[in-house]
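**Student:** Have a look at the structure that comes next, please.
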Amino acid sequence: MISGLVTEFGPWSWWILGLALLAAELLVPGVFLVWIGLAAIAVGALSLAFWTTAFWSWEVQMLVFAALSVVFVLAGRRFYSRGGAESDQPLLNQRAATYIGRIATLGEPVVDGRGRLKIDDSHWPVRGPDLPAGTRVRVTGCEGHTLDVERV
């Protein structure tokens with residue numbers, strides 16, 4: 001079946017497959033099919049050059065397609081993993097982290113390492129050494145929504 005399609009369409013079968021995969025990328029999110037589609041187009045370009053040679057059978061074409069797909073996917077992952085530009089607001093969705101370094105007064109005592117602190121208009125769970133209410137503390141870190149504090 002595969003050999004019949006490849007023989008009937010010739011080198012253009014890879015171009016058709018590549019364009020179909022690129023079109024499918026529009027429907028399936030994730031930027032994955034684009035690399036496989038580009039591999040199919042590359043095999044189509046190679047097929048235009050080697051179509052009349054004896055060694056360019058459909059099995060060789062499939063092996064080249066598989067190898068190029070792996071290479072293009074890995075290259076694409078490396079291309080996208082470089083990251084974008086640095087954000088001008090790196091703590092945008094990390095509200096607790098924005099309080100690191102702030103000094104505030106404990107509203108409730110820290111007992112057994114747990115207490116509550118009011119900063120601005122919010123109450124935050126805190127952990128740290130046992131301290132009485134009214135003690136001035138500095139926020140030294142956070143884990144989730146729990147602030148780490150120490151006596152100032």
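**Student:** Having 3 or more residues that are β-branched (Val, Ile, Thr) is the bar; report the strands (runs of 3 or more DSSP E) wholly within the range 90-152 that clear it.
**Tutor:** Values: elements: 103-105, 114-119, 122-127, 136-143, 146-151.
Of the strands (runs of 3 or more DSSP E) lying wholly inside the range 90-152, those with at least 3 residues that are β-branched (Val, Ile, Thr) span 136-143.
**Student:** Would you call residue 47 more than 26 Å from residue 79 (Cβ to Cβ), at pLDDT 85 or above and either part of a helix (DSSP H, G or I) or out of contact with any helix residue (DSSP H, G or I) (no Cβ under 6 Å at 6 or more places or on another chain) (or both)? Working first, answer last.
**Tutor:** On the way: more than 26 Å from residue 79 (Cβ to Cβ): no; at pLDDT 85 or above: yes; either part of a helix (DSSP H, G or I) or out of contact with any helix residue (DSSP H, G or I) (no Cβ under 6 Å at 6 or more places or on another chain) (or both): yes.
Against the criterion (more than 26 Å from residue 79 (Cβ to Cβ), at pLDDT 85 or above and either part of a helix (DSSP H, G or I) or out of contact with any helix residue (DSSP H, G or I) (no Cβ under 6 Å at 6 or more places or on another chain) (or both)), residue 47 does not qualify.
**Student:** Given the condition surrounded by 17 or more Cβ atoms within 10 Å (Cβ to Cβ) and over 30 Å from residue 44 (Cβ atoms), answer yes or no: does some residue in the range 72-85 qualify?
**Tutor:** no
**Student:** Follow-up question, since we're still on this one. Filter the range 43-61 down to the residues that are farther than 12 Å from residue 13 by Cα and within 31 Å of the chain's Cα centre (by Cα) and list them by number.
**Tutor:** Answer for the range 43-61, where residues must be farther than 12 Å from residue 13 by Cα and within 31 Å of the chain's Cα centre (by Cα): there is none.
**Student:** Considering only residues of the range 57-71 that are modelled with pLDDT under 90 and loosely packed, with under 13 Cβ neighbours inside 10 Å, which is farthest from residue 39 (Cα to Cα)?
**Tutor:** Among those that are modelled with pLDDT under 90 and loosely packed, with under 13 Cβ neighbours inside 10 Å, it is 57.
**Student:** Taking residue 11, is it in contact (Cβ under 8 Å) with a residue 12 or more places away in the chain, not acidic (Asp, Glu) and not assigned by TED's automatic domain parsing to the domain that holds residue 124? Let's see the steps before the verdict.
**Tutor:** Details: in contact (Cβ under 8 Å) with a residue 12 or more places away in the chain: yes; not acidic (Asp, Glu): yes; not assigned by TED's automatic domain parsing to the domain that holds residue 124: yes.
Spelling it out, residue 11 is indeed in contact (Cβ under 8 Å) with a residue 12 or more places away in the chain, not acidic (Asp, Glu) and not assigned by TED's automatic domain parsing to the domain that holds residue 124.
**Student:** Collect the residues in the range 34-53 that are crowded, with 19+ Cβ neighbours inside 10 Å and without any contact (Cβ under 8 Å) to a residue 24 or more places away in the chain, keeping them in residue-number order.
**Tutor:** The one that is crowded, with 19+ Cβ neighbours inside 10 Å and without any contact (Cβ under 8 Å) to a residue 24 or more places away in the chain: 37.
**Student:** Tell me which residues, restricted to the range 127-141, are β-branched (Val, Ile, Thr) and at pLDDT 95 or above. It would help to see each step written out before you state the result.
**Tutor:** Our first condition is that a residue be β-branched (Val, Ile, Thr); within the range 127-141, this holds for 135, 137, 139-140.
Those that are β-branched (Val, Ile, Thr) and at pLDDT 95 or above: 137, 139, 140.
The values are calculated or read from the model by the stated rules, or taken from the named source; none is laboratory data. Computed from a predicted model, the values in this text were never measured in an experiment. As a convention, Cβ positions derive from the backbone with ideal geometry for all residues, glycine included, and neighbour counts pool all protein chains shown.
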